[in-house]
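The values are calculated or read from the model by the stated rules, or taken from the named source; none is laboratory data. Since the model is a prediction, treat every value here as computed from it, not as a measurement. Here the Cβ positions follow ideal geometry from the backbone for every residue, glycine too, while neighbour counts run over all protein chains shown.
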Amino acid sequence: MPATYERPSYATLAARISADLATMPAVLRGPLASAWAMACHGQHGFLEWIDRQCSPLTCDEERLYDWASLYRVGRLPASPAAGTALATGAAGAQILANTALRGPNARDYTVQSAVTLGSGPTPIAVRCTDAGTGGNLGAGASLMMIDPTPGVASTLAIAAPGLTGGAEEESTEDWRARVTDEWQVAVTRGARSGKPEDYRFWARSAHPSITTALVQPHVLGIGTVLVRPICNTLPNRLPTQAVLDAVADYLYNTAPATADWRVAAPIPHYVDITVLLAPAADSSAVRADITAALTAAIATETTENAELLRSEIDAAIGTITSQYTLAAPAGNTLAAPGEVLVLGTLKWQP
């Protein structure tokens with residue numbers, strides 16, 4: 001195998017050049033060797049930088065935009081939270097579009113379209129003015145009108161399932177993974193045409209919250225495709241309605257025109273685990289670390305027929321402490337088609 005390139009350090013270059021100038025007077029040899037070494041070291045650094053830019057696997061973020069443009073894999077922007085709030089007040093009163101609201105998180109929201117109040121709580125569509133996870137709010141939280149509207153109560157309650165869909169801009173490394181995935185597929189299998197892995201890629205390209213997706217061909221009939229997005233960063237790894245809508249919109253514009261596809265949430269398969277900790281190891285910090293380790297281990301199970309081995313649970317707990325006994329589950333946990341494994345009840349005592 002060819003030798004791996006190693007960039008010489010400034011000290012190494014200075015020593016080499018000083019040796020080459022050994023016949024010169026010392027008063028000149030030192031300054032000349034130092035200046036020459038600095039110039040050469042900069043050239044080596046530039047060559048090393050050029051080498052990194054030659055592949056999307058190693059290039060800088062700025063150059064990743066260039067690689068991504070070749071394969072039409074745009075970086076997913078941050079998305080705003082949206083959902084429904086319930087307004088009350090005098091029947092017939094109006095709430096106009098773009099009415100400003102403020103949430104308990106100090107974020108601003110706007111009404112998406114004008115609504116006339118009925119006799120009971122009236123649903124209105126609202127959206128956060130800022131993109132990102134900070135705009136997500138649970139059902140039951142309140143939004144306050146910044147400027148009062150005649151006949152309308154100043155407090156609006158958020159309806160189930162809450163204001164969802166807010167996500168941060170896709171990370172550089174997640175974006176890099178999609179670019180390289182598209183590159184590999186393009187050079188080995190050609191253009192994406194509707195294979196199961198294509199639907200997984202399209203789902204990941206629809207919303208930054210999506211980690212991957214379960215793809216079930218023919219499950220709803222011959223020629224059908226059921227896509228179930230998995231979101232490891234969301235509760236129970238399940239997509240919100242906003243995420244499902246984003247996938248549907250993306251597939252509508254990307255999948256083959258004759259494709260018969262559907263989008264649905266995976267079915268959660270809860271994995272209940274019982275861990276018996278020795279008294280010396282039983283602390284709130286150890287319990288929190290074990291919970292995080294088990295959550296991370298289960299999050300790696302992303303296939304259509306995922307199987308969580310009992311040994312994998314043991315290995316995850318073992319990274320935190322060896323002073324424990326795994327009482328449950330007794331064996332491996334297998335997900336049925338369409339199911340996603342989720343950490344269920346975690347018990348610490350029998």
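Here is how the numbers come out for the structure above:
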item: Failed item, numbered, when PRO121 is tested on (1) in contact (Cβ under 8 Å) with a residue 40 or more places away in the chain; (2) over 21 Å from ALA242 (Cβ atoms); (3) not hydrophobic (A, V, I, L, M, F, W, C); result: (1)
item: Residue among ALA78, ALA97 that is surrounded by 14 or more Cβ atoms within 10 Å (Cβ to Cβ) and at negative phi; result: ALA78
item: Residue under evaluation ALA11, criteria (1) part of a helix (DSSP H, G or I); (2) closer than 27 Å to ALA177 by Cβ, criterion not met; result: (2)
item: Strands (runs of 3 or more DSSP E) wholly inside region 211-302 that include at least 2 residues being more than 23 Å from TRP175 (Cβ to Cβ) and among the aliphatic types (A, V, I, L, M); result: 224-230, 267-277
item: Any pair with Cβ under 6 angstrom, 6 or more apart, that starts in region 289-313 at a residue that is free of Cβ contacts under 8 Å to residues at least 60 places away in the same chain and ends at one that is of a type in the set (D, E, K, R); result: ALA297/GLU312; LEU308/GLU301
item: Filter pass, GLU170 being touching a Leu at 6+ places or on another chain (Cβ under 7 Å) and not hydrophobic (A, V, I, L, M, F, W, C); result: yes
item: Members of region 289-314 that are more than 15 Å from ALA328 (Cβ to Cβ), in contact with a helix residue (DSSP H, G or I) (Cβ under 9 Å, 6 or more places away or on another chain) and among the acidic types (Asp, Glu); result: GLU301, GLU304
item: Residues being surrounded by 13 or more Cβ atoms within 10 Å (Cβ to Cβ) and either acidic (Asp, Glu) or part of a loop (DSSP other than H, G, I, E, B) (or both) - total across region 147-174; result: 13
item: Meets criteria (closer than 23 Å to SER205 by Cα and either among the hydroxyl-bearing types (Ser, Thr, Tyr) or exposed (fewer than 14 other Cβ atoms within 10 Å of the Cβ) (or both)) for ASN332; result: no
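Condition check ((1) outside the structural domain of THR319 (by TED's automatic domain parsing); (2) closer than 29 Å to GLY135 by Cβ; (3) out of contact with any helix residue (DSSP H, G or I) (no Cβ under 8 Å at 6 or more places or on another chain)) across all residues:
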residue: LEU214; (1), (2), (3): yes, yes, yes
residue: PRO217; (1), (2), (3): yes, no, no
residue: THR224; (1), (2), (3): yes, no, yes
residue: ARG228; (1), (2), (3): yes, yes, yes
residue: ASN236; (1), (2), (3): yes, yes, yes
residue: LEU251; (1), (2), (3): yes, yes, no
residue: THR254; (1), (2), (3): yes, yes, no
residue: VAL275; (1), (2), (3): no, no, no
residue: ARG287; (1), (2), (3): no, no, yes
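Conditions (1) out of contact with any Gly (no Cβ under 9 Å at 6 or more places or on another chain); (2) closer than 30 Å to SER142 by Cα, marked per residue:
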residue: ILE50; (1), (2): yes, no
residue: SER69; (1), (2): yes, no
residue: PRO80; (1), (2): no, yes
residue: ALA91; (1), (2): no, yes
residue: ILE95; (1), (2): no, yes
residue: ARG102; (1), (2): yes, yes
